[in-house]
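Data first, discussion second: the structure below is written as structure tokens.
The values are calculated or read from the model by the stated rules, or taken from the named source; none is laboratory data. In this text, all values refer to a predicted model and were calculated from it rather than measured experimentally. Using ideal geometry, Cβ is built from the backbone for each residue, glycine included, and neighbour counts are taken over all protein chains shown. Calculation scope for accessible area: heavy atoms of the full protein, side chains included, ligands and nucleic acids excluded. Shrake-Rupley method; radii C 1.70, N 1.55, O 1.52, S 1.80 Å.
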Amino acid sequence: MAAAEAAVVSSSSLKPDTTPVPESAGMAAATAATSSAMAAAAAVAARTGSEARVSKPALATKLLSLSGVFAVHKPKGPTSAELLNRLKEKLLAEAGMPSPEWTKRKKQTLKIGHGGTLDSAARGVLVVGIGRGTKLLTSMLSGSKRYIATGELGKATDTLDSTGKVTEEKPYDKITQEDIEGILQKFTGNIMQVPPLYSALKKDGQRLSTLMKRGEVVEAKPARPVTVYSLSLQKFQPPFFTLDVECGGGFYIRSLVSDIGRELSSCANVLELTRTKQGPFTLEEHALPEDKWTIDDIAQSLEQCSSLLPAETALKKSKPEESNEPVLSCLVP
């Protein structure tokens, strides 16, 4: 396109001068050079147009050959599933593929899934599997994750974060930094945790969060074992406190912050949440921002990230296990 535009500019700027000038050998040479330049520009424009025509099928082939695990940067706002759909749409549009009909058939051409739901109000690393890489997502679910969480003392909500309805308020003015640091050990190691009602956990095949939004009565899931590898207080400026948490699979930061508030004889909810690491993928080094959601950038990221995965989870050794997380499959004509 750039070459074509250049050719148009060149041709429009070369209108003949109406002032009669005696032709000389120099003028003839200049005219010949101009004609040659215009011909070359036209050839480039034609070649560029031809390349554009063949680039879409080439990109489609490259897209369908992508396989592995990489990471994207999820912003606040969309759910993990919505972000996955946005990623899918951008890739299909770049490859010039028509909007496919999404089905639940097992044998599909293109598969994309994510390895662990990140709350819509949270941001950070979201691990994505593409092609055969979707079979590796189970290991991402059970692997370690790291978060920076800011909690607010004195307010409890039904969702355990700032997006919910305030259900309780308690004083917090007597809580000190030493008080918070003194109880963190109780939430470190192998502990029991009750998952929040607003969560991706399911009852009768439906997410608890969906049932709650419908106004249905939902019983809390029983406490289950989870692991916290490290937990530290980074900042305390009442009523806000910031935690650095590294935990295992199935752990809920919202429940942790709520439990900390209760342990301090007050209450608390999550104000800000960022996942800074999932498995070997970090937010700063590996998570692709949306302007890098291109076939070439993802192909490069897949190549770089393949060395981060442990040998036992390599694609050639992966088992055909299905993750409980969303896997979008499409049949591309």
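Order 252, 172, 147, 229, most accessible first, counting only protein heavy atoms with a 1.4 angstrom probe. List each step's numbers first, then the result.
Details: 252 40, 172 80, 147 15, 229 130 Å².
Heavy-atom accessible area, descending, gives 229, 172, 252, 147.
Out of the trypsin sites (Lys or Arg not before Pro) in segment 111-174, which ones are loop residues according to DSSP with at most 16 other C-beta atoms within 10 Å?
165, 174
If R0 is 22 Å, what FRET efficiency do you get for residue 65 and residue 285 from their C-beta distance, rounded to 0.05?
Plugging the Cβ-Cβ distance into 1/(1 + (r/R0)^6) gives 0.30.
Quick one: how many Å² of residue 192 are accessible to a 1.4 Å probe, rounded to 10?
Here the residue's solvent-accessible area equals roughly 120 Å².
When only the heavy atoms of the protein chains count and the probe is 1.4 Å, how do 266, 230 rank by accessible area, highest first?
From most exposed to least exposed: 230, 266.
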